[in-house]
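> The structure follows.
The values are calculated or read from the model by the stated rules, or taken from the named source; none is laboratory data. Not measured: the values here are computed from a predicted model. Here the Cβ positions follow ideal geometry from the backbone for every residue, glycine too, while neighbour counts run over all protein chains shown.
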Amino acid sequence: MRAALVREVGAVPESGEAPDPAGEVVEVLAAPINPIDVAVSRGILATGHPQLPYVPGCEGVGRTEDGKVVWIFGGAFGRTANGAMAERATIGDAHAIDVPDGADPAVAAGLGIAGLAGWLPFAWRAPLKGGENVLVLGATGSVGIVAVQTAKLLGAARVVAAGRSKAGLERALEHGADATIGLDADGLVEAMKDAFGGEGPNYVFDPLWGEPASAAVQAAVPWATVVNLGQSAGATSELASAAVRFKSLSILGHTNYAVPPDELAEHYRRLVDHVVAGDIRFEVERVPLESVADAWRRQAEGAGAKLVVVP
C-alpha cells in the first residue's frame with residue numbers, strides 16, 4: 001500500500017510503499033499532521049517511536065470493513081506502532097470513535113487532537129460556568145482558534161486572543177475574540193491586565209508555557225484558573241510564588257491522552273456536532289500523500305494551518 005514512511009530518527013517522512021497492515025483495519029480517509037507526530041519522529045517523546053521504518057500519524061479518520069466512519073486515536077497508535085498516514089491502518093489498542101453524520105472526514109480528523117485540545121479545557125478539565133474573562137495564549141494556531149470559539153460558545157464574558165502572528169490575531173478576531181495582544185510587545189503583564197479593563201483574566205488557556213505563562217500568572221486576578229496543555233514557548237517557566245500563593249491560583253495540566261474513553265468519545269462528538277452545525281468554524285488544508293514531506297516541513301516550522309493528509 002502507499003504510505004508515508006519515516007526511515008530514520010529525525011528524518012522527514014517520504015511517500016513510499018509499506019506492507020499491508022494486519023488485524024482490525026480501516027481504510028484511511030484523512031490523517032492530520034500534528035506536533036506530536038514530529039516529536040515522535042525526532043525521538044523526543046517519552047514513549048519513544050515505532051520500529052523503523054514506520055508509518056507516522058497519531059490520529060486519523062477511516063472507514064471500517066462494515067462501513068462505519070471512525071476517528072482513531074490513543075494507545076500505541078502512531079506513537080509506538082504504525083499510524084494513520086497510509087491508505088490503510090491497523091486500529092490496534094486505539095479508540096475507534098464514531099464520527100457524527102454529516103461531518104467532512106478531513107475536518108473530523110483535524111478536530112481530534114487539535115480540536116479537542118481547544119475544547120476540553122473549557123468543557124471538561126476546568127469547565128466554564130459563564131461570565132469568565134478568558135485569556136487564550138497561542139490563539140493564532142488551530143488549537144487556539146478552537147479555544148477562542150469554545151470559550152465564547154460556553155459562556156465567557158470576554159475572550160482575549162494572544163499570539164505572535166498578526167495575521168493569526170486578525171483571524172482570531174474574525175472567529176469571535178473580543179481583543180488581541182501581541183506576545184512580542186513590551187510590558188506584556190500590563191497589556192494582559194489592560195485587555196480586561198485593568199484587572200486581568202480569571203481564566204488562562206495556555207498551550208505555550210515559557211514566558212507567556214509567567215506573564216499570565218502575574219496578570220491574573222485572585223482565584224484565577226490556568227490550564228496548561230503545551231510548551232510551544234518553552235519547557236520551563238518562571239512562576240512567581242507570591243503570585244500563585246497570594247492570589248490562590250489554580251494551575252491545572254491537560255492532555256487528551258489522559259481523558260477517560262467515555263468522556264473522550266462524548267466530547268469529540270459534541271465538538272464535531274458544533275462544527276457541523278456551524279457554531280464553531282474550523283478550516284483544514286488537504287494534502288495529498290505524495291506531498292507529505294513538504295507538509296511535514298511546514299508543520300515543523302509552524303504551518304499556520306491545519307494540515308491533513310488525504311491518501
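> Is there a residue being within 20 Å of VAL287 (Cα to Cα), aromatic (Phe, Trp, Tyr) and not assigned by TED's automatic domain parsing to the domain that holds GLY230 anywhere in region 76-83?
Within region 76-83 (the criterion being within 20 Å of VAL287 (Cα to Cα), aromatic (Phe, Trp, Tyr) and not assigned by TED's automatic domain parsing to the domain that holds GLY230), the answer is no, since none of the residues qualifies.
> Among the residues of region 40-62, write down those that are modelled with pLDDT of 95 or more, surrounded by 16 or more Cβ atoms within 10 Å (Cβ to Cβ) and more than 17 Å from GLY92 (Cβ to Cβ).
Passing the criteria: SER41, PRO53.
> Please work out which one of (1) small (Gly, Ala, Ser); (2) in the same structural domain as THR180 (by TED's automatic domain parsing); (3) in contact with a Ser or Thr (Cβ under 8 Å, 6 or more places away or on another chain) is the condition GLY110 fails and give its number.
Status for GLY110: all satisfied but (2).
> Further question: Mind listing whichever residues of region 80-93 are buried (at least 24 other Cβ atoms within 10 Å of the Cβ) and outside any strand (DSSP E or B)?
ASN82, GLY83, ALA84, MET85
> For region 94-113, give me each residue that is closer than 17 Å to THR64 by Cβ and not in a strand (DSSP E or B).
Within region 94-113, the subset closer than 17 Å to THR64 by Cβ is 94-101, 103, 105, 108-109, 112.
If the condition is that a residue be closer than 17 Å to THR64 by Cβ and not in a strand (DSSP E or B), then ALA94, VAL99, PRO100, ASP101, ALA103, PRO105, ALA108, ALA109, GLY112 are the ones that fit.
> Please determine, by comparing only the residues of region 163-212 that are hydrophobic (A, V, I, L, M, F, W, C) and touching a Leu at 6+ places or on another chain (Cβ under 7 Å), which one is surrounded by the fewest Cβ atoms within 10 Å (Cβ to Cβ). Even if it seems obvious, please write down each step before you answer.
Looking only at region 163-212, we keep the residues that are hydrophobic (A, V, I, L, M, F, W, C), and these are 167, 169, 172-173, 177, 179, 181, 183, 185, 188-189, 191-192, 195-196, 204-205, 208-209.
Then drop every residue that is not touching a Leu at 6+ places or on another chain (Cβ under 7 Å), which leaves 192, 204-205, 208.
Working: MET192: 26, VAL204: 28, PHE205: 33, LEU208: 24.
Out of the qualifying residues, it is LEU208.
> Across region 16-44, what is the total count of residues that are touching a helix residue (DSSP H, G or I) at 6+ places or on another chain (Cβ under 7 Å), farther than 20 Å from VAL143 by Cα and not in a strand (DSSP E or B)?
0
> Within region 177-286, considering only helices (runs of 4 or more DSSP H) that don't extend past its boundaries, which have at least 3 residues that are β-branched (Val, Ile, Thr)?
Filter on region 177-286 gives 261-277.
> Of the numbered conditions (1) buried (at least 22 other Cβ atoms within 10 Å of the Cβ); (2) out of contact with any helix residue (DSSP H, G or I) (no Cβ under 7 Å at 6 or more places or on another chain); (3) outside any helix (DSSP H, G or I), VAL292 fails exactly one; give the number of that condition.
Among (1) buried (at least 22 other Cβ atoms within 10 Å of the Cβ); (2) out of contact with any helix residue (DSSP H, G or I) (no Cβ under 7 Å at 6 or more places or on another chain); (3) outside any helix (DSSP H, G or I), VAL292 violates only (3).
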